[in-house]
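> Handing you this structure, nothing more for now.
The values are calculated or read from the model by the stated rules, or taken from the named source; none is laboratory data. Because the structure is predicted, anything quoted here is derived from the model rather than measured. Cβ sites come from the backbone with ideal geometry, for glycine too, and all protein chains shown count toward neighbours. Protein only, heavy atoms only, side chains kept; ligands, DNA and RNA dropped before computing areas. Shrake-Rupley method; radii C 1.70, N 1.55, O 1.52, S 1.80 Å.
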Amino acid sequence: MGTLKIYTYPDEVLLKKAVPLENIDGEVERLANAMVETMYLAPGAGLAANQVGRPVRLVVLDVTRMQEDASQGLIILVNPVIVEAEGKQVFEEGCLSVPDYAADVKRAARVLVTGYDLAEKEVSIEAQGYLAVVLQHELDHLDGILFIDRISRLKRELYKRGVKKRMMKEG
Ligand code: NI
């Protein structure tokens, strides 16, 4: 499959809720592997399937580039769900689908996420700090939510205005 095109705001595919996968077949495996390759090349810490134009509940992430002491390397999750969330933390986020922009986002400090791996085995991941941020960011994507939806309305409007201006310039 090679590397995949990453869709950027305001593309519609990013703003819709992704659907659960009903089985994990070779096609899902190929998509996941291509997403991993695309994420590492970008480079980014995570990628959700709708960012590459496939509106299904599949995410890949690896925080070890940003956090060398991370307890987990590559994580691939099918139909992930946040089952516990507690505390608060603020972290400056960016997104491959929201190029050239970063802003502080407030999220839970600790999350417990469950889902399935590519072998259809149920997995659960307890995360804090940066890994918890990336998990919440990627799971948001599956619900059509971008990090710019979690910043102040004023900041969001300024960002959107900038994108519109750029699009008009590019014709
Ligand atoms: Ni993102």
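> Looking only at region 83-98, count how many residues are within 16 Å of the ligand (Cβ to nearest atom) and either part of a strand (DSSP E or B) or open to solvent by less than 30 Å² (accessible area, probe 1.4 Å) (or both). Before you say what the answer is, go through the steps one by one.
Taking region 83-98 and keeping what is within 16 Å of the ligand (Cβ to nearest atom), we get 91-98.
If we keep only those that are either part of a strand (DSSP E or B) or open to solvent by less than 30 Å² (accessible area, probe 1.4 Å) (or both) as well, we get 91-95, 97-98.
Result for region 83-98: 7.
> If you go through region 39-56, how many residues are part of a loop (DSSP other than H, G, I, E, B) and within 11 Å of the ligand (Cβ to nearest atom)? Step through it out loud before you land on a result.
Step one: of region 39-56, the residues part of a loop (DSSP other than H, G, I, E, B) are 42-45, 53-55.
Going one step further and asking which of them are within 11 Å of the ligand (Cβ to nearest atom), we end up with 42, 44-45.
Adding up the residues that qualify gives 3.
> I'd like the residue in region 114-143 that is within 16 Å of the ligand (Cβ to nearest atom) and among the hydrophobic types (A, V, I, L, M, F, W, C) and, out of all such residues, is surrounded by the fewest Cβ atoms within 10 Å (Cβ to Cβ).
Initial filter on region 114-143 (within 16 Å of the ligand (Cβ to nearest atom)): 130-143.
Restricting the remaining residues to those that are among the hydrophobic types (A, V, I, L, M, F, W, C) gives 131-135, 139, 142.
On the way: 131: 25, 132: 25, 133: 26, 134: 25, 135: 27, 139: 21, 142: 25.
Out of the qualifying residues, it is 139.
> Looking only at region 57-75, count every residue that is more than 16 Å from the ligand (Cβ to nearest atom) and of a type in the set (A, V, I, L, M) and tell me the total.
Our first condition is that a residue be more than 16 Å from the ligand (Cβ to nearest atom); within region 57-75, this holds for 64, 67-74.
Next cut, of a type in the set (A, V, I, L, M) only: 70, 74.
Number of matching residues: 2.
> If residue 101 meets every condition in (1) more than 16 Å from the ligand (Cβ to nearest atom); (2) over 16 Å from residue 39 (Cβ atoms) apart from one, which number is that one?
The single condition residue 101 does not satisfy is (1).
> Tally time: how many residues in region 22-38 are open to solvent by less than 90 Å² (accessible area, probe 1.4 Å) and part of a helix (DSSP H, G or I)?
Result for region 22-38: 10.
> Okay, moving on. What single numbered condition from (1) of a type outside the set (D, E, K, R); (2) over 23 Å from residue 54 (Cα atoms); (3) under 10 Å from the mean Cα position of the chain (by Cα) fails to hold for residue 141?
(2)
> Look at residue 78 and say whether it is within 12 Å of the ligand (Cβ to nearest atom), at pLDDT 95 or above, of a type in the set (A, V, I, L, M) and within 23 Å of residue 7 (Cβ to Cβ).
Numbers: within 12 Å of the ligand (Cβ to nearest atom): no; at pLDDT 95 or above: yes; of a type in the set (A, V, I, L, M): yes; within 23 Å of residue 7 (Cβ to Cβ): yes.
The answer is no for residue 78.
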